[in-house]
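Some notes on the structure that comes next.
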Protein chains: 2
Amino acid sequence: MSQTVDRALSILPLLAEGPANLEQVAQRLGVHKSTALRLLRTLHEHGIVYRQQDQRYRLGARLFALAQEAVENLDIREIAHPHLTRLNEKCGHTVHLAVHEENEVLYIDKVESRYPVRMYSRIGKPVAITVAAVAKLLLADLPEPERRALAERLDYPLYTPRSTPNAAAFLKELATVREQGWATDLGGHEESINCVGAPIRGTDGRTVAACSISAPNVVVTAEELLALLPLVRRTADAISREYSGKAPDRP
Amino acid sequence: MSQTVDRALSILPLLAEGPANLEQVAQRLGVHKSTALRLLRTLHEHGIVYRQQDQRYRLGARLFALAQEAVENLDIREIAHPHLTRLNEKCGHTVHLAVHEENEVLYIDKVESRYPVRMYSRIGKPVAITVAAVAKLLLADLPEPERRALAERLDYPLYTPRSTPNAAAFLKELATVREQGWATDLGGHEESINCVGAPIRGTDGRTVAACSISAPNVVVTAEELLALLPLVRRTADAISREYSGKAPDRP
DNA sequence: ATGGCTGTTGCACACGATGCAACACACTCA
DNA sequence: TGAGTGTGTTGCATCGTGTGCAACAGCCAT
């Protein structure tokens, strides 16, 4: 829409390929040298491009600081919330959002079930890290040594007979989760409650959060809950897309 | 130099702070709404900014991708990274790599401390140039007139009582650093944080980068940190050897 | 309906971006 | 040494394009 800005921005992907001098830039933009010079100067003043000793231009490391700051200020919760609400509207069950922080996995958002029978949980509360679906999703993505170290360090309380019994079983489960891209908790925490969850990923593909739906089996059976898996995964993917700044999928 | 581009680029740091709507952007730029709209539209077309559901703008995926490429194109970083990781494995503290760019010294890589207490820093972020160990190392190597000119031009904020107070003190410190071939920052930036660093040199012997380890004195005392100096220097030398060894003369 | 609040569009005007040509500077040849 | 190339840089007139304005369009409250 704005020619000048349009041209200036076109320089960036060009420089991303590698350093270039003034004339090369001018040529690839299809403008006069002097025009390219002015554009580059402006980019330079803002620290977006950097001029190396041989006078050629390349992208500045400062650009990275900008992106980094933006990522830090990104609030997953804010972005995810409308998606979670929609998920809840579709299936009616309790929806959770969780993140991994300091050797704990915490619920950071929740949309209550619309059924009268609800599961107990609280935003900010650490989840049962060895059994919860969201915990498995978040930990499955850790680098192998850290994952192993953490697994060794944990306690494995037997909330129910179906709880994860020990580190070996936990690591095996994490491998499965990592492989399949989704996770469940079928009565591992509370005998009567099942969960199914999916990962939310950032630009770099790493899991930054996880969401899940939970329901007591007096309301839906485990099979019926598993049938909702595609819905959960689609929601998680939509949040991932929006979080990483890609165009949202419009039907 | 180019007003339009200048305005457009001024939007980026603004959005890095967090999402903003059209009017907020227009106001902070000091331009009419319609002007801001056109600028944002152009940025949007290039994927630099992204528009979320609530119509507010934030930085977009393309910017993250560009930033990524910007740092990846720094070949020192690629060579140094495994060495930095190894250094971190040996000592456990936060390891930094920094370069001098446009009157600033920027962190371009970082390996986090394995201790729970970490220092805050960010890749791409300019360092406190008058006190940081890596900054002293990089500036100590400048030709004398440039060094003097730069020293005169800088501000000397008193982060702590131990911060470098003025140009004269700074130049004296640089001379010492140049002489001894290593540098420290003992509580000059944050009262409780100490650093020790060493220079990485290219084929011609000039300092092209610097690495350092940083630790809060609740974890190790300054003396204990200084005992790690030989380790840091060996790392820096190893990187130097590898960097200058296979240095292909870039056209 | 009514008002406030936001983003959007069309338009006339003038300002600022543009290309040109001339210049400056560093190299490389004979 | 000097002409000859390849750069980046500057001043300037000209015209294109970015600009602010005002009016409009949605949306959501009351």
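The values are calculated or read from the model by the stated rules, or taken from the named source; none is laboratory data. Note that the coordinates shown come from a computational prediction; the quantities given were computed from them, not determined experimentally. Heads up, the Cβs are rebuilt from the backbone with ideal geometry, glycines too, and the neighbour counts pull from every protein chain shown. Keep in mind that these areas ignore ligands, DNA and RNA; they rest on the heavy atoms of the full protein, side chains included. Shrake-Rupley method; radii C 1.70, N 1.55, O 1.52, S 1.80 Å.
So here's what we get for this one:
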| quantity | calculated |
| --- | --- |
| Percent accessible area from carbon and sulfur atoms, chain A, protein chains only, probe 1.4 Å | 48 |
| Long-range tail of P(r) for the protein assembly as shown (Cα pairs > 36 Å, %) | 43 |
| Heavy-atom accessible area per residue - the protein assembly as shown, 1.4 Å, Å² | 47 |
| Overall form of region A:61-189 per C-alpha gyration tensor (a/c, 1.5; a/b vs b/c) | oblate |
| Among beta bridges that DSSP assigns inside region A:74-243, antiparallel share in %, nearest 5 | 100 |
| Net charge of neighbours whose Cβ lies under 9 Å from the Cβ of A:Ser240, counting Lys and Arg as +1 and Asp and Glu as -1 | +1 |
| Probe 1.4 Å - accessible area at B:Glu144, Å² to nearest ten | 90 |
| Alpha-carbon Rg/Rh ratio, for region A:3-69, with Rh computed the Kirkwood way | 0.95 |
| Loop trypsin sites (Lys or Arg not before Pro), region A:185-251 (other Cβ atoms within 10 Å of the site Cβ: 14 or fewer; DSSP) | A:Arg206 |
| Inter-copy label distances at A:Gly205 (7 Å, Cα→Cβ; nm, one decimal) | 4.5 |
| Residue pairs, from the table A:Lys136/A:Lys246; A:Lys90/A:Lys125; B:Lys110/B:Lys136; B:Lys90/B:Lys110, whose Cα atoms sit over 23 Å apart | A:Lys136/A:Lys246; A:Lys90/A:Lys125 |
| Distance between region B:172-196 and region A:38-71 - C-alpha centres, whole angstrom | 28 |
| Chain lengthening between A:Gln27 and A:Tyr156 when straightened (0.36 nm per residue, less Cα-Cα) | 40.0 nm |
| Listed residue (A:Gly181, A:Thr164, A:Ile193) projecting farthest to the positive dipole end of chain A, Cβ model | A:Gly181 |
| Charge dipole (debye, nearest 20) of region A:3-69; +1 at Cβ of Lys and Arg, -1 at Cβ of Asp and Glu | 180 |
| Exposure of B:Asp237 as accessible area (Å², to 10), given a probe of 1.4 Å and all protein chains | 80 |
| Fully extended contour minus Cα-Cα distance, from A:Ser34 to A:Ser192, at 0.36 nm per residue | 49.6 nm |
| Span-rule helices in chain B, defined as complete DSSP H runs reaching 27 Å or more along the axis (Cα) with Kyte mean at least 1.6 | none |
| Using a 7 Å Cα-to-Cβ projection, B:Leu22 label spacings across copies, nm, ascending | 3.9 |
| Proximal aspartates and glutamates relative to A:Lys172, as straight alpha-carbon distance under 19 Å, when same-chain residues fewer than 8 apart are discounted | A:Asp141, A:Glu144, A:Glu146, A:Glu152, A:Asp155, A:Asp185 |
| Region B:136-251: relative contact order in percent, alpha carbon pairs under 8 Å with at least 6 residues between | 22 |
| Label-to-label distance, nm, for residues given as B:Ser10 and B:Asp54 (7 Å Cα→Cβ offset) | 2.6 |
| For chain B, calculated [θ]222 nm from helices alone, where every DSSP H run of n ≥ 4 adds -39500 (n - 2.57) | -14500 deg cm²/dmol |
| Rounded to the nearest 20 debye, dipole of the protein assembly as shown from Cβ charges on Lys, Arg, Asp, Glu | 1020 |
| Cα gyration tensor category, rounded, prolate or oblate, for region B:123-215 with a/c compared to 1.5 | oblate |
| Accessible surface buried upon A-B contact (total; probe 1.4 Å; Å², nearest 100) | 4600 |
| Whole-percent pair-distance distribution, where bins are 5 Å wide, for the alpha carbons of chain A | 1, 6, 12, 14, 13, 11, 9, 7, 6, 7, 6, 4, 3, 1, 0, 0 |
| Rounded, prolate or oblate (a/c below 1.5 giving rounded, otherwise prolate when a/b exceeds b/c) for region A:51-113 by Cα gyration tensor | prolate |
| Inter-copy separations for A:Arg234, label at 7 Å along Cα-Cβ, nm, ascending | 5.8 |
| Lys, Arg +1 and Asp, Glu -1 on Cβ, resulting dipole of region B:74-245 about Cα centre, debye, nearest 20 | 260 |
